[in-house]
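Rule-based calculations on the coordinates, nothing more; no lab input. The shown structure was predicted, so the numbers you read here are calculated from the model rather than taken from an experiment. Cβ: placed from backbone, ideal geometry, glycine included. Neighbour counts: every protein chain shown.
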Amino acid sequence: MIDSRARHELKLELFPFISLFLCVIGVLAFLQNLMVMGEIGSTEEAEAEQAQIFQTPYRVDVYPGNILLSPPASDLSERLPDLALDERAGLDAIERGRNTILTIGGFNLDLTVEDNQGVLGVLFNEIVTVNRLAESRGYPYEEYVLLVVHPGSTDTYHMLRAMMEQAEFRYLRVGLDIGDGTRPQ
């Protein structure tokens with residue numbers, strides 16, 4: 001006969017399962033940290049191996065209704081020596097134009113971006129040409145467009161950014177700064 005008074009209640013304990021689960025999670029977290037540490041070290045080494053590129057801004061001040069172009073100091077001959085004759089002629093033309101702009105204190109476009117797309121297209125093409133020459137010859141030099149947006153000029157800025165989204169200018173680096181509204185003397 002079976003005694004019904006002596007019932008044994010079955011107890012389900014989760015201690016072994018939880019402790020094993022936590023141990024596995026801890027080991028996986030430790031392994032993940034090791035892998036991340038290895039990746040960080042390898043990226044730092046890769047960055048250290050890369051040549052440092054001298055980046056130069058071509059400043060474009062965006063005011064309400066006009067744009068002021070201020071090219072970098074023209075030392076392209078020194079930065080990009082040993083070019084072919086035709087490449088040197090193109091670079092010299094770019095350098096002469098920039099020296100002229102620097103002499104008069106910047107090139108002022110008093111109309112909207114739409115009216116000056118040709119001038120801006122030439123400017124951006126010059127930067128692309130200089131960057132491609134430097135990259136093809138392995139010189140550590142790159143120019144980028146530094147847009148300085150002054151108060152009240154967001155419409156002009158957006159038109160300029162739309163122009164820079166064209167396929168031929170898409171790979172130009174662009175920096176952004178906020179101006180205080182004062183114009184250079």
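Quick notes on this one:
- Only Lys, Arg, Asp and Glu carry charge here, each on its Cβ (+1 for the first two, -1 for the last two); on that basis the stretch 54-178 has a dipole of about 160 debye about its Cα centre.
- Most positive-pole-ward Cα, Leu176, Asn116, Pro72, against dipole of the chain from beta carbon charges: Leu176
- Considering only Pro151, Pro64, Pro16, the mean-square fluctuation computed in a Gaussian network model of the chain, springs between alpha carbons under 10 angstrom, is largest for Pro16.
- Estimated D of the stretch 46-181 in µm² per second, where Rh is the Kirkwood radius over Cα pairs and Stokes-Einstein applies at 25 °C, 0.890 mPa s: 156 µm²/s
- Top positive-direction residue, dipole computed over the stretch 54-178 with Cβ charges, set Asn131, Phe107, Thr154: Asn131
- Once the Cα atoms are used to define both axes, helix 15-49 deviates from the longest principal axis of the chain by about 20 degrees.
- Coil-residue trypsin sites (Lys or Arg not before Pro) of the stretch 127-185, DSSP, other Cβ within 10 Å capped at 16: Arg170, Arg173
- Signed unit charges on C-beta, dipole axis of the chain, positive-most listed residue Met35, Ile53, Pro16: Pro16
- GNM flexibility winner over the chain from Pro140, Pro81, Pro57 (Cα, springs under 10 Å): Pro81
- For the chain, a Gaussian network of Cα nodes joined below 10 Å ranks Leu102, Leu34, Leu146 by mean-square fluctuation, and the top entry is Leu34.
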